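Enquirer: Encoded as structure tokens, here's the structure I'll be asking about.
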Amino acid sequence: MAKRDIIVVKGLHKYFGAIEALRGVDLTVAAGKVVVIVGPSGSGKSTLLRCINHLEVETQGEVWVDGQKLGHDPKQINEIRTEIGMVFQLFNLFPHLTALENITLAQRVVRNRSKEEAIDMGLKQLKRVGILEKADVHPDQLSGGQQQRVAIARALAMDPKIMLFDEPTSALDPEMIKEVLDVMLDLAQDGMTMLVVTHEMGFARAAADELIFMDEGLIVEQGSPLDIFNAPQEERTKLFLSQILQH
């Protein structure tokens with residue numbers, strides 16, 4: 001049985017002043033699938049993710065999440081957002097709160113969980129990302145990789161149906177990248193629906209059900225990672241991969 005499409009993007013355009021960041025993007029993501037988006041800087045990858053989470057409002061087009069069309073009603077947008085976890089390049093942790101407190105805060109405010117429920121869920125997710133022993137530590141005492149894992153745990157604690165990752169390893173030192181990617185690989189294997197913008201081609205090969213190459217606000221090519229890495233059809237894809245895979 002085919003899985004239902006949990007994200008549907010139709011004819012998406014996004015302008016920032018005179019700059020057209022997205023030029024008519026169509027995209028469907030089936031529930032439980034991992035879709036990795038690659039492409040040069042400025043190609044519209046992050047803008048696409050931000051439109052799906054309504055952090056940016058599309059200029060034209062439609063975004064559907066789990067059967068609901070994103071509109072302009074703040075209540076409806078917030079309801080849809082609670083189903084989406086987003087992990088950014090920067091960790092955005094509250095410096096005055098411990099790792100566990102960072103994870104429990106949104107649960108209590110948005111999900112209306114009791115303190116005990118929020119703590120139970122927070123500890124469970126810290127264990128899931130491999131840093132349970134850091135529950136009572138403040139962010140400035142954590143490595144970048146550990147901070148990013150706290151940010152992932154915070155998103156997972158909300159029980160999202162979808163996880164969006166916007167270059168989650170690009171601010172990390174090289175030796176910390178693997179620990180974050182390993183957590184993401186585990187999530188992918190657990191069947192989490194994931195949309196990932198990344199430069200990590202090894203992760204794309206290992207985890208992606210579908211690979212998308214974007215350039216200049218358009219999806220240039222999409223398909224299985226195997227097909228695109230081994231036999232890209234478009235010249236722009238070939239050029240991008242030849243540059244990035246040499247490193």
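Enquirer: Tell me whether the stretch 118-125 contains one or more residues that are aliphatic (A, V, I, L, M), within 25 Å of residue 78 (Cα to Cα) and without any contact (Cβ under 8 Å) to a residue 12 or more places away in the chain.
Expert: no
Enquirer: Against the condition modelled with pLDDT under 90 and either surrounded by fewer than 16 Cβ atoms within 10 Å (Cβ to Cβ) or not aromatic (Phe, Trp, Tyr) (or both), how does residue 246 come out, does it pass?
Expert: Against the criterion (modelled with pLDDT under 90 and either surrounded by fewer than 16 Cβ atoms within 10 Å (Cβ to Cβ) or not aromatic (Phe, Trp, Tyr) (or both)), residue 246 qualifies.
Enquirer: Would you say residue 134 is among the basic types (Lys, Arg) and either open to solvent by less than 40 Å² (accessible area, probe 1.4 Å) or closer than 26 Å to residue 3 by Cα (or both)?
Expert: Spelling it out, it is not the case that residue 134 is among the basic types (Lys, Arg) and either open to solvent by less than 40 Å² (accessible area, probe 1.4 Å) or closer than 26 Å to residue 3 by Cα (or both).
Enquirer: When the residues of the stretch 228-247 are narrowed to those that are part of a helix (DSSP H, G or I) and touching a Leu at 6+ places or on another chain (Cβ under 8 Å), which ends up nearest to residue 28 (Cα to Cα)?
Expert: Applying the filter and picking the extreme gives 228.
Enquirer: Which ones in the stretch 68-82 are under 20 Å from the mean Cα position of the chain (by Cα), closer than 20 Å to residue 5 by Cβ and not β-branched (Val, Ile, Thr)?
Expert: 68, 69, 70, 79, 81
Enquirer: In the stretch 99-128, what count of residues is obtained for those that are within 21 Å of the chain's Cα centre (by Cα), surrounded by 17 or more Cβ atoms within 10 Å (Cβ to Cβ) and of a type outside the set (Gly, Ala, Ser)?
Expert: Summing the residues that are within 21 Å of the chain's Cα centre (by Cα), surrounded by 17 or more Cβ atoms within 10 Å (Cβ to Cβ) and of a type outside the set (Gly, Ala, Ser) in the stretch 99-128 gives 8.
Enquirer: Here's another thing I want to ask about it. Scan the stretch 66-73 and tell me whether some residue there is farther than 25 Å from residue 208 by Cα, without any contact (Cβ under 8 Å) to a residue 40 or more places away in the chain, open to solvent by 20 Å² or more (accessible area, probe 1.4 Å) and in contact with a strand residue (DSSP E or B) (Cβ under 8 Å, 6 or more places away or on another chain).
Expert: yes
Enquirer: I'm trying to understand the selection: among the residues of the stretch 209-227, which are small (Gly, Ala, Ser) and within 22 Å of residue 31 (Cβ to Cβ)?
Expert: If the condition is that a residue be small (Gly, Ala, Ser) and within 22 Å of residue 31 (Cβ to Cβ), then 223, 224 are the ones that fit.
Enquirer: Output the residues belonging to the stretch 158-178 that are touching a Leu at 6+ places or on another chain (Cβ under 9 Å) and modelled with pLDDT of 90 or more.
Expert: Hits for the stretch 158-178 are 162, 163, 164, 165, 166, 168, 169.
Enquirer: Okay, moving on. So for the stretch 186-205 (the condition being open to solvent by less than 10 Å² (accessible area, probe 1.4 Å), of a type outside the set (Asp, Glu) and without any contact (Cβ under 8 Å) to a residue 40 or more places away in the chain), does at least one residue qualify?
Expert: Yes, that holds for at least one residue.
Enquirer: A further question follows. Would you check if residue 45 is in contact (Cβ under 8 Å) with a residue 12 or more places away in the chain, touching a Lys or Arg at 6+ places or on another chain (Cβ under 9 Å) and basic (Lys, Arg)? Outline the logic, then answer.
Expert: On the way: in contact (Cβ under 8 Å) with a residue 12 or more places away in the chain: yes; touching a Lys or Arg at 6+ places or on another chain (Cβ under 9 Å): no; basic (Lys, Arg): yes.
Criteria not met by residue 45.
Enquirer: Of the numbered conditions (1) within 28 Å of residue 156 (Cα to Cα); (2) open to solvent by 10 Å² or more (accessible area, probe 1.4 Å); (3) touching a strand residue (DSSP E or B) at 6+ places or on another chain (Cβ under 8 Å), residue 232 fails exactly one; give the number of that condition.
Expert: (1)
Enquirer: While we're on this one: What pairs can you find where one residue is in the stretch 99-115 and over 16 Å from residue 84 (Cα atoms) and among the small types (Gly, Ala, Ser), the other is part of a helix (DSSP H, G or I) and at pLDDT 95 or above, and their Cβ atoms are less than 6 Å apart, with a gap of 6+ or different chains?
Expert: 99/134; 99/150
The values are calculated or read from the model by the stated rules, or taken from the named source; none is laboratory data. Because the structure is predicted, anything quoted here is derived from the model rather than measured. All Cβ positions, even for glycine, are placed from backbone atoms using ideal geometry, and neighbour counts span all protein chains on display. Please note that ligands, DNA and RNA were not included when accessible areas were found on the heavy atoms of the full protein model with its side chains. Shrake-Rupley method; radii C 1.70, N 1.55, O 1.52, S 1.80 Å.
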